[in-house]
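Novice: Input: one structure, supplied below.
The values are calculated or read from the model by the stated rules, or taken from the named source; none is laboratory data. Predicted model only: the values in this text are computed from it and were never measured. Every residue, glycine among them, receives a Cβ derived from its backbone with ideal geometry; neighbour counts consider all protein chains shown.
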C-alpha cells in the first residue's frame, strides 16, 4: 500500500483549458506552500517550455521542485472531457499527473514517487487509468 | 545486441524513470540485452559495470542534463537524445540503435 497522503486524486473533473487547470492547481498549492498561485502557474508554464511534458497519448506529466513547498504531492486529474487544445503542440488531453516535489524531500518519499513514475511507463496501466469508470477503481489503481 | 545507457532529466524525478523503464521494456521486447542506469533525484541506480559497458554494442544516452561519468563510454558508439524521445518513441529508438550497429 502506498502512502495515501502523497496522492491527491481528482476524478472526472471538468477544466476548459490549460490555463483553467493550472490556475486551479496553483490555488491549491498556494494553500500548502509559500508559493503564490501566479508563481505556480509560471513555473508550470516554464517547465513546458523547457521540454515536452506529454508522456503518452492523452497524458501529461507537469512537474517541478521547489523549496517553497511544505510537502510533496502527486495530483492526478482524470478529466470528464478532454481538453481539446492544451497548447500549440499538444491536444486531446484526458489525464494530467502533477508531481510537486518539495526540495530536500526524504529518500523514502522520492522512491515512492519514482516507483509510481515507473508504473507510468506501462501503456496497459495508462490505458486503465484513462478508461477508469469510477472514482473508486481509479483511486485503487493509483494507491495500491 | 547489447545495449547500455543512462537516463537523466532536469528535475530527476519523472522522465528519468519512465525513460529507463520504457527503454528496457522496448529493448527486451526486441530481443536485446539492455541495462539503463538512472541518474536522478535519488542518486544513481542500476549503475553500469565496466563489464557491461565493455560488452555493449551501443550506448543510449537519454538525457536533458549533463550526465555523470560520460567518459566511461569513450570509444563506444553513442546515440544521445532528450528523455522525451525515449519516453514517447522507445521502440523507434531501439530500432535506430540496431540500425546503427548493423551499419557499423
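Novice: Out of (1) out of contact with any strand residue (DSSP E or B) (no Cβ under 6 Å at 6 or more places or on another chain); (2) over 16 Å from residue B:83 (Cα atoms); (3) more than 10 Å from chain A (Cβ to nearest Cβ), the odd one out for residue B:42 is which?
Specialist: (3)
Novice: Do we find that residue A:143 is buried (at least 19 other Cβ atoms within 10 Å of the Cβ), over 13 Å from residue A:56 (Cα atoms) and touching a residue at least 24 places away in the same chain (Cβ under 8 Å) in this structure?
Specialist: Working: buried (at least 19 other Cβ atoms within 10 Å of the Cβ): no; over 13 Å from residue A:56 (Cα atoms): yes; touching a residue at least 24 places away in the same chain (Cβ under 8 Å): yes.
No; evaluated as a whole, the condition is false for this residue.
Novice: Considering every residue within region B:11-29, establish whether at least one is buried (at least 23 other Cβ atoms within 10 Å of the Cβ), away from chain A (no Cβ under 12 Å) and modelled with pLDDT of 95 or more.
Specialist: yes
Novice: Continuing with this model, one more query. (1) assigned to a helix (DSSP H, G or I); (2) touching a residue at least 40 places away in the same chain (Cβ under 8 Å); (3) surrounded by fewer than 19 Cβ atoms within 10 Å (Cβ to Cβ): which one isn't true of residue B:65, the others all being true?
Specialist: Result: residue B:65 fails condition (1) only.
Novice: Could you tell me whether region A:130-139 includes any residue that is surrounded by fewer than 15 Cβ atoms within 10 Å (Cβ to Cβ) and within 14 Å of chain B (Cβ to nearest Cβ)?
Specialist: Residues of region A:130-139 that are surrounded by fewer than 15 Cβ atoms within 10 Å (Cβ to Cβ), as a first pass: A:131, A:133-137.
Now narrow it down to the ones that are within 14 Å of chain B (Cβ to nearest Cβ): none.
No, region A:130-139 contains no residue that is surrounded by fewer than 15 Cβ atoms within 10 Å (Cβ to Cβ) and within 14 Å of chain B (Cβ to nearest Cβ).
A quick yes/no check of all residues on (1) within 14 Å of chain B (Cβ to nearest Cβ); (2) crowded, with 17+ Cβ neighbours inside 10 Å:
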position: A:42; (1), (2): no, no
position: A:50; (1), (2): yes, no
position: A:56; (1), (2): yes, yes
position: A:59; (1), (2): yes, yes
position: A:69; (1), (2): yes, yes
position: A:76; (1), (2): yes, yes
position: A:79; (1), (2): no, yes
position: A:82; (1), (2): no, no
position: A:97; (1), (2): yes, yes
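Novice: A follow-up question, please. Got a number for residues in region B:2-28 being without any contact (Cβ under 8 Å) to a residue 12 or more places away in the chain and within 13 Å of residue B:90 (Cα to Cα)?
Specialist: If we filter region B:2-28 for residues that are without any contact (Cβ under 8 Å) to a residue 12 or more places away in the chain, which is where we start, we get B:14, B:21, B:28.
If we keep only those that are within 13 Å of residue B:90 (Cα to Cα) too, we end up with B:21, B:28.
So the answer is 2.
Novice: Taking region A:39-78, which residues are assigned to a strand (DSSP E or B), farther than 17 Å from residue A:28 by Cα and touching a residue at least 60 places away in the same chain (Cβ under 8 Å)? Break it down into steps so the answer makes sense when it comes.
Specialist: We begin by selecting, within region A:39-78, every residue assigned to a strand (DSSP E or B); these are A:54-56, A:59-60, A:63-66, A:69, A:73-78.
Now restrict to residues that are farther than 17 Å from residue A:28 by Cα: A:54-56, A:59-60.
Scanning region A:39-78 gives A:55, A:56, A:59.
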